[in-house]
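So the structure is just underneath, and the comments pick up after that.
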Amino acid sequence: MRRRLSLLVLAVTSMVVAAFVVPLGILVHRQTQSRELAGAQRTAQAVASGLAVAASLSPDLPASLVALVVATSGDAATSVFLPDGTVVGAPAQPSPATAEARTGRAFSARTDGGVEVLVPVTVEAGTLVARTWVPDEELREGVIAAWLVLGGLGLLLVLVAVALADRLGAALVRPVSALAATTRRMAAGDLTARVAPAGPPEIADAGRAFNHLAERLDDLVAAERESLADLSHRLRTPLTALRLQVEALPGAEGLLEDVDRLSSHVDELISEARRRSPAAGPRRADLGEVTRRRAAFWQVLAEEQGRLATLALPPGPIWVGLTEDELGAAIDTLLENVFTHTPAGVGYTVSVTAASSPEFAVLTVADQGPGFPHHGVAERGSSGAGRSGLGLDIARRAARRTGGDLTLGDRPGGGARVEVRFGRL
């Protein structure tokens, strides 16, 4: 916007300046010509008047008297053509215009290298022609300098106009850029992001509306978290009753451990729900390390079921914008799908690689099972296996929180392939 505004002002100002400077330059040129020609006409007429007076005193009008009259004009470019063809004054060659002037008409004529002003004088011996020569150099004297001054002034006006337009554009763009940056912060999970309203009234009003929206979102998120915490808390009562019943059963140690694990997950859910995400600090986890730990956890079950598990990780850390719990839950979801939807003995691979863009990293989980019935199973509620359909959607939402996404495909040679692209920090 800032650049477009500057270009618009540059174009408009250039046209306006050109519309004034070009005609003004032409006018300066014509005024200079008119001034020089007017001076030449005055000189020629003065010489003609002097010759007329001299002829009244001496009808034969000798050449010496003509030379005296020309000398009194003070113009070295003035000549007088006598009736017999003699030239008195500045050396000059008669032109066709000189012959026309002998008919009694005074005028100016263009010749090679300049303009000659001709004024006839009729005496007893015939017609004399007073000629004043104006070279092209005098007709253009000062014109180039005037054009340079006008061009420099026009260029200065254009530069000043563009500079002012750039400052105006900056004043308009700065609050809009700040609003966009704050919006990106909020989209990344920072619900405390606010913008300082500034700029023109319309943009400032947009900033205030954004702040109001952010406050409402913060309130709604807090209310949802409280509702989730209350719902999770209500699960403690039936879990407690279930635990008491399991304790009464003989040989139910394993089942008791599962109940304790479920109770621990409920406690973690309550803690997470009550924790305000903006105050929880930056989200940061090493994709490679978390993948290694979760793969090792599922490796035990893979060995029990005779599955060949292959793990490929990069040598260094790959930081993504999620907590370790969020990232671990997404990885567990993908591996759980392998164990749930493929028969025992089916192998799988887990790998972490850098994407084609340095801004992303890719987690790939592929198995040698029957593959996906359709690629829409990643949508929420679309499991197609009689389950809730939340598994792949959990991984997809985790990826999208970092600016990435989840895609499904077929493994070469048969099987399913899930690629999750995470935005790197």
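Quick one: putting +1 on the C-beta of Lys and Arg, -1 on the C-beta of Asp and Glu, what dipole do you get for segment 285-423 around its Cα centre, in Debye to the nearest 20?
220 debye
Springs join every pair of Cα atoms under 10 Å in this Gaussian network model of the chain, and among A38, A354, A163 the largest mean-square fluctuation is at A38. For segment 26-127, how big is the tail of P(r) above 25 Å, as a whole percent of Cα pairs? Cα-Cα pairs of segment 26-127 separated by over 25 Å account for 18 percent. Please work out the Cα center distance from segment 153-223 to segment 14-83, rounded to the nearest Å. Using only Cα atoms to place each centre, the spacing works out to 69 Å.
Quantify how much of the Cα-Cα distance distribution of segment 287-348 extends past 17 Å, in percent. Of all Cα-Cα pairs in segment 287-348, 41 percent lie more than 17 Å apart. By the beta-carbon count within 10 Å of each Cβ, the least crowded to most crowded order of S58, S263, fewest first, is S58, S263. The slack in the chain from E137 to A171, taken as 0.36 nm per residue of separation less the alpha-carbon distance, amounts to 7.1 nm.
Computing FRET efficiency as 1/(1 + (r/R0)^6) for V22 and E336, where r is the C-beta to C-beta distance and R0 is 60 Å, gives about 0.15.
For segment 1-144, a simple Cβ point-charge model (Lys and Arg +1, Asp and Glu -1, everything else neutral) yields a dipole of about 1120 debye relative to the Cα centre. Could you tell me which of T349, Q305, L179 has its Cα farthest along the dipole of the chain towards the positive end, charges placed at Cβ (Lys, Arg +1; Asp, Glu -1), taken about the Cα centre? Of the candidates, L179 comes out farthest on the positive side.
Structure remark: mean-square fluctuation, Gaussian network model of the chain, C-alpha springs under 10 Å; the largest value among R110, R396, R411 belongs to R110.
Which helices pass in the chain if a helix is a full DSSP H run, must span at least 27 angstrom along its long axis by Cα, and must have mean Kyte-Doolittle hydropathy not below -1.0?
In the chain, the long hydrophobic H runs are 2-57, 143-187, 201-234, 253-274.
Rounded to the nearest 20 debye, the dipole magnitude of the chain is 420 debye, with +1 charges on Lys and Arg beta carbons, -1 on Asp and Glu beta carbons, and the Cα centre as origin. Under a point spin-label approximation (7 Å from Cα along Cα-to-Cβ), what is the L301-A125 distance to one decimal in nm? According to this spin-label approximation, the distance is 13.3 nm. Our estimate of slack between L425 and M15, defined as 0.36 nm per intervening residue step minus the Cα-Cα distance, is 142.7 nm.
Translational diffusion coefficient of the chain (Stokes-Einstein, Kirkwood radius from Cα pairs, 10 °C, 1.306 mPa s): 50 µm²/s.
Each residue in S264, S351 was given a count of other beta-carbon atoms within 10 angstrom of its own, and listing them fewest first yields S264, S351. Summary value for the chain: 10 percent relative contact order, contacts being C-alpha pairs under 8 angstrom separated by 6+ residues. Approximating the spin labels as points 7 Å out from Cα along Cα→Cβ, the R185-to-A63 distance works out to 10.0 nm.
Between D190, D75, D219, where does the largest GNM mean-square fluctuation fall for the chain, given springs only between Cα atoms within less than 10 Å? Of the options given, D75 has the highest mean-square fluctuation.
Using the Cα gyration tensor of segment 175-217, with a ≥ b ≥ c the square roots of its eigenvalues, what is the shape: rounded (a/c below 1.5), prolate (a/b larger than b/c) or oblate (neither)? Write out the running numbers ahead of the final one.
On the way: a/c = 2.89, a/b = 1.54, b/c = 1.87.
Cα axes put segment 175-217 in the oblate bin.
Projecting the Cα atoms of G414, T333, G288 onto the dipole axis of segment 285-423, where Lys and Arg carry +1 and Asp and Glu carry -1 at the beta carbon, places G414 farthest toward the positive end.
Relative to the current alpha-carbon distance between L311 and A196, full extension at 0.36 nm per residue lengthens the span by 36.5 nm.
To the nearest 0.05, what FRET efficiency results for S56 and D112 with a Förster distance of 41 Å applied to their C-beta separation?
Efficiency, rounded to the nearest 0.05: 0.65.
Considering only V16, S34, P83, the residue lying farthest towards the positive end of the dipole of segment 2-143 is V16, judged by Cα position with unit charges set on Cβ.
Coordinate-derived values only; no laboratory data. Please read all numbers here as calculations on a predicted model, not as lab measurements. Here Cβ is always computed from backbone atoms with ideal geometry, including for glycine, and neighbour counts include all displayed protein chains.
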